[in-house]
Amino acid sequence: MANLKSLAKDTVIYGMTGMVGRFLNYLLVPLYTAKISASSGGYGIITNIYAYTALIIIILTFGMETTFFRFANKDGENPKAVLSTSFISVTAVSAIFVLLVLLSLPWLAPAMGYGAHPSYIWVMAVVVALDAVQSILYAYLRYQHKPLKFATLKFSFIILNIGLNLVYFLLLPWLYEKYPAAIGTIYDPNVGVGYAFYLNLVCTGLVTLLFWKEIKSIEFKLDRPLLKRMLEYTWPLLVLGVVGILNQTADKILYPFIDDSANGRAQLGIYGAACKIAMIMAIITNAFRWAYEPFVFGKSRDKDNREAYAAAMKYFLIFTLLAFLMVVAWIDVLKYLIGRDYWEGLKVVPIVMAAEIMMGVYFNLSFWYKLVDKTIWGAWFSLIGCVVLVAINFLFVPHFGYMACAWGGFVGYGVAMVLCYIVGRKYYPIDYPLKEIGLYVGLTAVLYAASVLVDWGGSFENVTYRTLLLLVFVAVLVKKEHVMEKVIEFKRRRQ
């Protein structure tokens, strides 16, 4: 129980970091969608390039975050050597990547559709390389159980990035109209969407410098035998990570190739903007993951670990289902996070959120093959899910547009989740409380159906009605989990 309390404490800090940070980052969504029209396709460019970077960072880190936790907690391994070897290997791979991008830029940029703007490519290549290096340093902070410093550094990037974007997308354009000669020395309206990438580079570089204490503490010795053992463990994680992130980004990467028209880029922007609202699930999943990895590997030698994993799964599902219903209830308010000409994409939000829930369940299930060192299974599950997703995109995007992208992710994650559960029952059986989980899932499905099938004709009326449905879920949760009794008991112990 003490371990679950520690997990809850770290999850709250990491969760607040992710949730508040993502909320602050949402300020960029209304900013971009207000200043970049859907028809221009500018937000489609942002969606497309950031999809590439999400994939590339998985390749550059090649599973070393999880591998670092596994080996740092292994008997007989030196955590300092594990840190040094992880950091050196990721940094070296990232440096080589940047060099290759710079050398291949003359043909790479046109192939990606950015021949007129090759700087977009090399700037984001440097950004993602620095992010890869930072990932090991952030993992080190998590290993040391320093969530406050973790949060401080994350917020430093967010606040700096938002501040500069507000200056370059709001303040300077306004000043440029009044004083073009003076403001023109630091602002060029022709750069447009490019500022989103250039400012990211500035912020990422500055935050990297704030890790100087952690970098200074690294021994900078590459333990080759250790690296060999780590690579044997991590290469399936690389495959797992690549196909896993493709499940999230393949649609956004492939869309311009499937529909290379100007309208295709515009549709991608609408889809990408709508997905931002659904990313509340990604916030919760990532917060849980940041706290859950050190918890799982640190607890792997305890006798009661399986009971803890089962309980963690149940509570993860409860809170993600609650978040799902909250977004559905308040979608008429949340839609103002994006520009009006992007609202047509709101219909994908519930589908994408449901897909994210299944991805989170899959992540929780996936620890069985990491704990028994059979990570190859994860690669197979994710690969099968990715093939399903890509096939759905190629078959149905030409006919149904970005709706096919949303359903492709839903089906792909669902397949991977089911396969992981079935095989996990053989290698590392855990008695998950399926009846309780089924109750909450079924209740959510009923409440969701009731919320979308009844339209009261106005935003206020709909929000009120859906909030009442949300409170039904909360009431069942309070009664079923004996929340009030636990609160009273907690207060009694505090006294």
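Each part reduced to its alpha carbon centroid, region 130-190 and region 401-425 end up 35 Å apart. Take every pair of alpha-carbon atoms less than 8 Å apart whose residues are at least six positions apart; their mean separation over the length of the chain yields a relative contact order of 22 percent. Working from the Cα coordinates of region 182-277, the gyration tensor eigenvalues give, after taking √(5λ), semi-axes of 36, 27, 10 Å in decreasing order. Share of Cα-Cα pairs in region 343-457 beyond 23 Å, in percent? The calculated P(r) of region 343-457 puts 41 percent of pairs beyond 23 Å. Fraction of C-alpha pairs exceeding 15 angstrom in region 186-230: 66 percent, rounded to a whole number. Checking the Cα-Cα distances for Lys347/Lys435; Lys370/Lys435; Lys80/Lys216; Lys146/Lys213; Lys74/Lys374 against a 19 Å cut-off, the pairs over it are Lys347/Lys435; Lys370/Lys435. Estimated from helical segments only, the mean residue ellipticity of the chain at 222 nm is -27500 deg cm²/dmol, where each DSSP H run of four or more residues counts as -39500 (n - 2.57).
Among 221-230, 374-383, 89-98, 269-278, the peptide with the highest mean count of other Cβ atoms within 10 Å heads the list, and the full ranking is 269-278, 374-383, 89-98, 221-230.
Legend: ranking of residues Thr53, Thr234 from fewest to most surrounding C-beta atoms inside 10 Å; resulting order Thr53, Thr234.
Taking the number of Cβ atoms within 10 Å of each Cβ as an exposure proxy, the fewest-first ranking of Lys370, Lys335, Lys216 is Lys216, Lys335, Lys370. Taking the square roots of 5 times each eigenvalue of the Cα gyration tensor of region 2-453, largest first, gives ellipsoid semi-axes of 34, 28, 21 Å.
Between Val452 and Arg306, the contour length at 0.36 nm per residue exceeds the alpha carbon distance by 48.8 nm.
Each value in this text was obtained by applying a stated rule to the coordinates, not by laboratory testing. Note that the structure is a prediction, hence the values are computed from the model and not measured. Methodologically, a virtual Cβ is constructed for each residue, glycine included, from the backbone with ideal geometry; neighbour enumeration extends over all protein chains shown.
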